[in-house]
Amino acid sequence: MDIEKIYKEANALLEGHFILSSGNHSNRYLQSAKVLEEPKRAEILASALAKQIRDSGIEIDTICAPALGGVLAGYELARALDVRSIFVERKNGTMQLRRGFEIKKGEKIIICEDIITTGGSAMEASKIIQELGGNIVAFASLANRGFCKRENSNIKSQKECKLPKDIPFFALADFKFEMFSPDECPMCKTGSKAIKPGSRDS
Ligand code: ZN
């Protein structure tokens, strides 16, 4: 399956001149919510991710997604694996399990996101799940921005990756972009102005 093609068709993989959330500039940008805009496409991607996870043989009780970005991917993955789907959300700056969702002691849980960049919010989610007695058996995301080492890929973990090395991380594809500091950006040098498509802060 050509994951990059699917992202392009969904206008989820943009080409141009962008400001990434790190502040660096790039000629590519992942607007990952767009790939889930068509439920049929979301189902195809989640099924492929579910197959990787099933083939690994790990046992799963529940998928937990950090809101907001991860919720749709988590729900579709849970459907494909036929397990329970829950989410955690940020309240007053900290990740919390709300809305009556509960976790049993030792429950085997995958933290699922639409995209893993450094894994920061996935780790916040895993911390609260572990505090509540859950057992994190894997991390999963549709797209990997290429900072973390996923199963079935040769790219190495970068120092920015926050995911633990002893828990598997499943994703469909690595989207490793060329990045430039604003001072050294070749596109800026041609007079082009970078834009910030954004999710959180625009
Ligand atoms: Zn630039």
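Taking trypsin sites (Lys or Arg not before Pro) across the range 19-115, the ones in a DSSP loop with at most 13 further Cβ atoms lying within 10 angstrom of their Cβ are Arg98, Arg99, Lys104, Lys105. Ratio to report: Rg/Rh of the range 97-185, with Cα atoms as the point set and Rh obtained by the Kirkwood method; give two decimals. Rg/Rh: 1.05. For Lys165, the aspartates and glutamates whose Cα comes closer than 14 Å to its Cα, not counting residues fewer than 8 places off in the same chain, are Glu151. Which shape class, rounded, prolate or oblate, goes with the range 38-176 when its Cα gyration tensor gives a ≥ b ≥ c as root eigenvalues, a/c under 1.5 marks rounded, and past that a/b bigger than b/c marks prolate? Here the range 38-176 falls in the rounded category. The distance between label points at Ser47 and Leu132 comes to 3.0 nm (points 7 Å beyond Cα on the Cα→Cβ vector). Note on Leu132: accessible area approximately 80 square angstrom, rounded to 10, probe 1.4 Å, nucleic acids and ligands left out.
Think of it as helices only: each DSSP H run of n ≥ 4 in the chain is worth -39500 (n - 2.57), and spread over all residues that comes to -7500 deg cm²/dmol at 222 nm. Just report the Cα centroid separation between the range 151-202 and the range 62-78, whole Å. Between the Cα centre of the range 151-202 and that of the range 62-78, the gap is 21 Å. In this structure, Glu160 and Glu59 have a Cβ-Cβ separation that, at R0 = 22 Å, corresponds to a calculated FRET efficiency of about 0.15. Only helices reaching 18 angstrom along their own axis (Cα) with mean Kyte-Doolittle hydropathy no lower than 1.0 count here, and not one DSSP H run of the chain does. Expressed as a whole percent, the accessible area of the chain that falls on carbon and sulfur atoms is 48 (1.4 Å probe).
Normalised per residue, the accessible area of the chain is 54 Å², obtained with a 1.4 Å probe and no contribution from ligands, DNA or RNA. The alpha-carbon of Lys104 sits under 23 angstrom from the alpha-carbons of these lysines, leaving out residues fewer than 8 places away in its chain: Lys91, Lys127. Applying a 4.7 Å Cβ-Cβ cutoff to the chain, the cysteines left without a disulfide-compatible partner are Cys64, Cys112.
The values are calculated or read from the model by the stated rules, or taken from the named source; none is laboratory data. Nothing here was measured: the structure is a model prediction, and the numbers come from that model. For neighbour counting, all protein chains shown are included, and Cβ atoms are generated from backbone atoms with ideal geometry for every residue, glycine included. In case anyone asks, the SASA skips ligands and DNA or RNA and just uses the protein heavy atoms, side chains included. Shrake-Rupley method; radii C 1.70, N 1.55, O 1.52, S 1.80 Å.
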